[in-house]
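Please read the structure below before turning to the comments.
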């Protein structure tokens, strides 16, 4: 005869999978939709960080650096010269940092 075994039935497992599927269907599009704005915020923060590194280099060496100077002097972490959105660093003659698309 059948014993009363503890565990989940097939219906209970299917309900749990349905709930998980619905949650995934709601969250995944929201995350991917905001991905570009997240990258833009990351680029803004990166630009400010590089501007600070340009000022630090200028105080130590009494000249405005190039991107290569910052990389050679270990002012940029791991030699990163691009922000999360793929824009490259451009340092003007007066030390202002801007980010430009690589194709420009």
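The values are calculated or read from the model by the stated rules, or taken from the named source; none is laboratory data. Just so it is clear, the structure is predicted and the values come from calculations on it, not from any experiment. Here the Cβ positions follow ideal geometry from the backbone for every residue, glycine too, while neighbour counts run over all protein chains shown.
Please find, among 81, 66, the residue that is within 15 Å of the chain's Cα centre (by Cα) and without any contact (Cβ under 8 Å) to a residue 40 or more places away in the chain.
Testing whether each residue is within 15 Å of the chain's Cα centre (by Cα) and without any contact (Cβ under 8 Å) to a residue 40 or more places away in the chain leaves just 81.
Inspect region 25-36 for any residue being without any contact (Cβ under 8 Å) to a residue 60 or more places away in the chain, in a helix (DSSP H, G or I) and touching a helix residue (DSSP H, G or I) at 6+ places or on another chain (Cβ under 8 Å) and give the result as yes or no.
Filtering region 25-36 for residues without any contact (Cβ under 8 Å) to a residue 60 or more places away in the chain gives 25-36.
If we keep only those that are in a helix (DSSP H, G or I) as well, we get 25-33, 35-36.
Retained after the next criterion (residues that are touching a helix residue (DSSP H, G or I) at 6+ places or on another chain (Cβ under 8 Å)): none.
Looking for residues that are without any contact (Cβ under 8 Å) to a residue 60 or more places away in the chain, in a helix (DSSP H, G or I) and touching a helix residue (DSSP H, G or I) at 6+ places or on another chain (Cβ under 8 Å), one finds none in region 25-36, hence no.
Based on this model, can you work out whether residue 77 counts as at pLDDT below 90 and either closer than 30 Å to residue 101 by Cα or surrounded by 11 or more Cβ atoms within 10 Å (Cβ to Cβ) (or both)? Spell out the reasoning first.
Values: at pLDDT below 90: yes; either closer than 30 Å to residue 101 by Cα or surrounded by 11 or more Cβ atoms within 10 Å (Cβ to Cβ) (or both): yes.
Yes: the conditions hold for residue 77.
Quick one: which residue in 86, 42, 95 is part of a helix (DSSP H, G or I) and out of contact with any strand residue (DSSP E or B) (no Cβ under 6 Å at 6 or more places or on another chain)?
Values: 86 fails: part of a helix (DSSP H, G or I); 95 fails: part of a helix (DSSP H, G or I).
Only one candidate passes the filter, namely 42.
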Does residue 71 satisfy the condition of being in contact (Cβ under 8 Å) with a residue 12 or more places away in the chain and surrounded by 11 or more Cβ atoms within 10 Å (Cβ to Cβ)? no
